[in-house]
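The values are calculated or read from the model by the stated rules, or taken from the named source; none is laboratory data. The model shown is predicted, which means the values in this text are computed figures rather than measured ones. Because the Cβ atoms are built from the backbone with ideal geometry, glycine has one as well, and the counts that use them run over all protein chains shown. Accessible surface areas use protein heavy atoms only, side chains included; no ligands, DNA or RNA. Shrake-Rupley method; radii C 1.70, N 1.55, O 1.52, S 1.80 Å.
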Amino acid sequence: MRAPRPRPRPPRRRAGFTFVELLVVMVVIGLLAMMAMLRVRDTRGRAYDAALLANLREMRVAEELYVQEHDAYTADVAMLDFAPARGAVVAITEASAAGWAATIAHPGARLHHCALFVGRATPPEPATTEGEIACR
């Protein structure tokens, strides 16, 4: 008579995750993080854009206050009661009794730069209409 065959053992269950499962989870987390970072960067760019537009509006008011006291516009930003946003580059390209023109840019903005002119000043690129802020 033959010896009885040993009964096969049921497969042992291991606790934990497989390498593939962990890899899939890591890829999903990486994709979600990348999407969140893109949103943050876009939001930051829009905030810089808004700061550029607000700075030019503030500069327009400051120049009008200056001309009321001195009968001419100034090309010196330091003479104005105006503080540009941190990192913004402001340039008053022309200023006289007849008008003024300025540009502003920020390296973090989505807009490359914005411009404004008032009176008979030479319009800086991309401004084309007096008193209206134009951005490119």
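Defining a contact as two alpha carbons under 8 Å apart and six or more residues distant in sequence, what relative contact order in percent does the chain show?
Relative contact order, the chain: 16 percent.
Given H placed 1.01 Å from N in the peptide plane, which residues other than close sequence neighbours of THR93 have an amide H under 5 Å from its amide H?
ALA101, ALA102, THR103
Viscosity 0.692 mPa s, temperature 37 °C: what is the translational diffusion coefficient of the chain from Stokes-Einstein with a Kirkwood Rh over Cα pairs, rounded to a whole number of µm²/s?
172 µm²/s
Over the chain, what percent of the accessible surface lies on carbon and sulfur atoms, probe 1.4 Å?
59 percent
Could you go through the stretch 105-120 in sequence order and give the Karplus-derived ³J(HN,Hα) for each residue, using 6.51 cos²θ - 1.76 cosθ + 1.60 with θ = phi - 60°, rounded to whole Hz, and x for Gly and Pro?
Calculated HN-Hα couplings, in order: 9, 9, x, x, 6, 6, 7, 5, 6, 10, 9, 8, 9, 9, x, 9 Hz.
Given axes a ≥ b ≥ c from the Cα gyration tensor, I'd like to know whether the stretch 65-136 is rounded (a/c under 1.5), prolate (a/b larger than b/c) or oblate.
Because a/c hits 1.5 or more and a/b fails to exceed b/c, the stretch 65-136 counts as oblate.
Using only DSSP helix segments of four residues or longer, with each worth -39500 (n - 2.57), what per-residue ellipticity at 222 nm results for the chain after dividing by its residue count and rounding to 500?
Mean residue ellipticity, 222 nm, calculated: -14500 deg cm²/dmol.
Subtracting the Cα-Cα distance from 0.36 nm times the residue separation, let me have the gained length for ARG7 to HIS112 in nm, one decimal.
Between ARG7 and HIS112, full extension yields an extra 30.1 nm.
Can you tell which of ARG57, ARG39, ARG12 shows the greatest fluctuation in a Gaussian network model of the chain with Cα springs below 10 Å?
ARG12
ASP71 versus LEU23, label points 7 Å from Cα toward the beta carbon: distance in nm?
Spacing of the two 7 Å Cα→Cβ label points: 8.1 nm.
If you line up the long axis of helix 19-70 against the longest principal axis of the chain, both from Cα atoms, how many degrees apart are they, to the nearest 10?
10 degrees
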